[in-house]
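Notes for the one structure printed next.
The values are calculated or read from the model by the stated rules, or taken from the named source; none is laboratory data. From a predicted model like this one, the values you see are computed outputs, not experimental measurements. Neighbour counts are summed over all protein chains in view; Cβ atoms, including those assigned to glycine, are modelled from backbone coordinates with ideal geometry.
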Amino acid sequence: MSRGRLTLTLVAVLVLVAAGLGACSHSSSPQPEPQITGVRWVSGANGNYPNEVNAWGTFAGRQVGLAIVFTDRRSWNGLVGAGWPTSAFTRAAFPGELSVAQPLYPQDGNEAACARGEYDRYWSQFGTTLTTYGRADAYVRLGWEFNGGYMYWHVRDVEAWKTCFRRTVSAIRSTDPAVKIDWNMNAHNDTLPVGKEDVWAAYPGDQYVDIVSIDAYDHFPASLTQATWDRQCHLRSGLCTVIQFARDHGKKFAVPEWGVVRSAGGGGDNPFYVSRMYQTFVANAQNLAYESYYRTAENGNVKSSLTSPDLNPDASRRYLQLFGSALGPDAG
């Protein structure tokens with residue numbers, strides 16, 4: 001890279017970082033569109049098998065760095081013992097990183113029994129499953145979106161839930177000390193669904209958490225302007241709040257699921273949201289463990305798909321403009 005190109009690139013980076021920091025400020029002034037493009041962090045997509053995740057890479061024109069997967073919640077074997085999905089995502093089959101979403105117990109379980117230690121042996125088995133398939137260092141999104149009443153493992157009794165979480169972490173680490181525990185909330189749910197405590201009351205403590213993360217979709221409220229972005233980003237369950245909390249606690253943050261929302265309550269085909277997310281990732285890249293766009297087209301879900309099918313063509317074009325290439329050392 002020539003000195004002139006390097007200088008221009010550094011200037012562009014500084015401009016975008018400043019703009020991105022503005023995305024986590026309380027300013028409602030319009031933010032400039034990103035001046036540079038490309039992904040310099042671990043960026044992922046969801047899928048049941050590597051070919052589904054790799055299809056996202058074909059769309060984006062770059063390798064996918066991480067796969068978001070979900071286990072079968074109907075039984076303990078489906079949660080912790082069966083090979084799938086871990087067996088499908090061996091390093092040979094998918095060289096990127098893995099993030100596994102795990103409830104704290106199957107559908108017939110409960111947080112009180114978990115807190116008493118009745119499930120410890122199952123979670124020890126899960127640690128063994130991860131190591132068996134070469135995924136000891138996987139992110140485990142334990143009890144994800146616990147602040148949503150739609151999840152059967154949502155918090156009912158705060159202290160019991162936290163004890164359950166801690167026991168589960170300790171059990172997994174007993175057979176897999178390299179695992180990375182991801183404490184994950186859903187955006188736009190500031191209070192817990194039963195007792196209405198503040199969402200942060202469910203934080204189990206720094207020693208039980210490696211990554212602080214948030215699933216952030218463009219709905220309830222949608223971000224159609226800088227003012228609405230600022231308001232939702234600084235909610236108690238907002239992206240900006242999570243970033244600051246993670247930094248204050250010496251943790252990295254992640255956004256395992258994000259996307260535009262075409263279904264009810266969403267901002268629709270909203271490229272503005274894609275731009276603001278990109279700015280925030282760039283501005284906080286050093287503290288970002290990973291982010292993953294959640295692609296879904298089925299009815300009853302957020303309908304965030306950008307490809308196959310392309311339900312949101314304007315957002316799709318913006319995503320490709322910003323996230324569609326990984327800049328190498330000679331880019332600029």
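Being outside any loop (DSSP other than H, G, I, E, B) and of a type in the set (Gly, Ala, Ser) is the filter here, so list the residues in the stretch 288-327 that pass it. Walk me through it before giving the result.
The first filter runs over the stretch 288-327 and keeps only residues outside any loop (DSSP other than H, G, I, E, B), leaving 288-293, 306, 310, 313-323.
Scanning the stretch 288-327 gives Ala289, Ser292, Ala315, Ser316.
Have a look at Ala283, Ala289 and point out the one that is surrounded by fewer than 22 Cβ atoms within 10 Å (Cβ to Cβ), under 28 Å from Gly250 (Cβ atoms), in contact (Cβ under 8 Å) with a residue 40 or more places away in the chain and not aromatic (Phe, Trp, Tyr).
Working: Ala289 fails: surrounded by fewer than 22 Cβ atoms within 10 Å (Cβ to Cβ).
Unique residue meeting the criteria: Ala283.
Step by step: first the residues of the stretch 228-260, then only those that are closer than 28 Å to Val100 by Cβ and of a type in the set (D, E, K, R), then the one that is surrounded by the most Cβ atoms within 10 Å (Cβ to Cβ). Which residue is that?
Let us first name the residues in the stretch 228-260 that are closer than 28 Å to Val100 by Cβ, namely 232-233, 235-260.
Filter once more, so that each one left must be of a type in the set (D, E, K, R): 236, 247-248, 251-252, 257.
Working: Arg236: 15, Arg247: 15, Asp248: 9, Lys251: 19, Lys252: 19, Glu257: 28.
Ranking the qualifying residues of the stretch 228-260, first place goes to Glu257.
Somewhere in the stretch 190-210, is a residue modelled with pLDDT under 95 and under 19 Å from Cys240 (Cα atoms)?
No: the stretch 190-210 contains no residue that is modelled with pLDDT under 95 and under 19 Å from Cys240 (Cα atoms).
Hey, any hits in the stretch 269-278 for a residue that's more than 27 Å from Val212 (Cβ to Cβ) and either surrounded by fewer than 21 Cβ atoms within 10 Å (Cβ to Cβ) or touching a residue at least 24 places away in the same chain (Cβ under 8 Å) (or both)? Give the steps one after another, and end with the answer.
In the first step, residues of the stretch 269-278 are kept if they are more than 27 Å from Val212 (Cβ to Cβ); the result is 269, 271.
Checking the rest, the ones that are also either surrounded by fewer than 21 Cβ atoms within 10 Å (Cβ to Cβ) or touching a residue at least 24 places away in the same chain (Cβ under 8 Å) (or both) come to 269, 271.
For the stretch 269-278, residues more than 27 Å from Val212 (Cβ to Cβ) and either surrounded by fewer than 21 Cβ atoms within 10 Å (Cβ to Cβ) or touching a residue at least 24 places away in the same chain (Cβ under 8 Å) (or both): present.
Got a sec? Which of Ser316, Ser304, Ser263, Ser308 is surrounded by 22 or more Cβ atoms within 10 Å (Cβ to Cβ) and of a type in the set (Ser, Thr, Tyr)?
Checking each option against the conditions leaves just Ser304.
If you go through the stretch 92-129 one residue at a time, how many are more than 20 Å from Met151 (Cβ to Cβ), assigned to a loop (DSSP other than H, G, I, E, B) and over 21 Å from the mean Cα position of the chain (by Cα)? Before you say what the answer is, go through the steps one by one.
Let us first name the residues in the stretch 92-129 that are more than 20 Å from Met151 (Cβ to Cβ), namely 92-98, 116-118, 120-121, 124-125, 127-129.
Remaining after also requiring assigned to a loop (DSSP other than H, G, I, E, B): 92-96, 116-118.
Filter once more, keeping what is over 21 Å from the mean Cα position of the chain (by Cα): 92-93, 116-118.
Total meeting the criteria: 5.
Those residues that are assigned to a helix (DSSP H, G or I) and of a type in the set (Val, Ile, Thr), I need them from the stretch 130-141; list them, please.
So in the stretch 130-141, the residues assigned to a helix (DSSP H, G or I) come out as 130-132.
Those that are assigned to a helix (DSSP H, G or I) and of a type in the set (Val, Ile, Thr): Thr131, Thr132.
Among the residues that make up the stretch 170-188, is at least one of them within 20 Å of Arg135 (Cβ to Cβ) and of a type in the set (Phe, Trp, Tyr)? Outline the logic, then answer.
Taking the stretch 170-188 and keeping what is within 20 Å of Arg135 (Cβ to Cβ), we get 170-184.
Add one more test, that the residue is of a type in the set (Phe, Trp, Tyr), and what stays is 183.
Checked against the condition, which is being within 20 Å of Arg135 (Cβ to Cβ) and of a type in the set (Phe, Trp, Tyr), the stretch 170-188 yields at least one hit.
Restricting the search to the stretch 34-87, which residues are among the polar types (S, T, N, Q), farther than 16 Å from Arg135 by Cα, free of Cβ contacts under 8 Å to residues at least 40 places away in the same chain and assigned to a loop (DSSP other than H, G, I, E, B)?
Scanning the stretch 34-87 gives Gln35, Ser75.
Quick one: is Gln125 touching a helix residue (DSSP H, G or I) at 6+ places or on another chain (Cβ under 7 Å) and touching a residue at least 60 places away in the same chain (Cβ under 8 Å)?
On the way: touching a helix residue (DSSP H, G or I) at 6+ places or on another chain (Cβ under 7 Å): yes; touching a residue at least 60 places away in the same chain (Cβ under 8 Å): no.
Answer is no for this residue.
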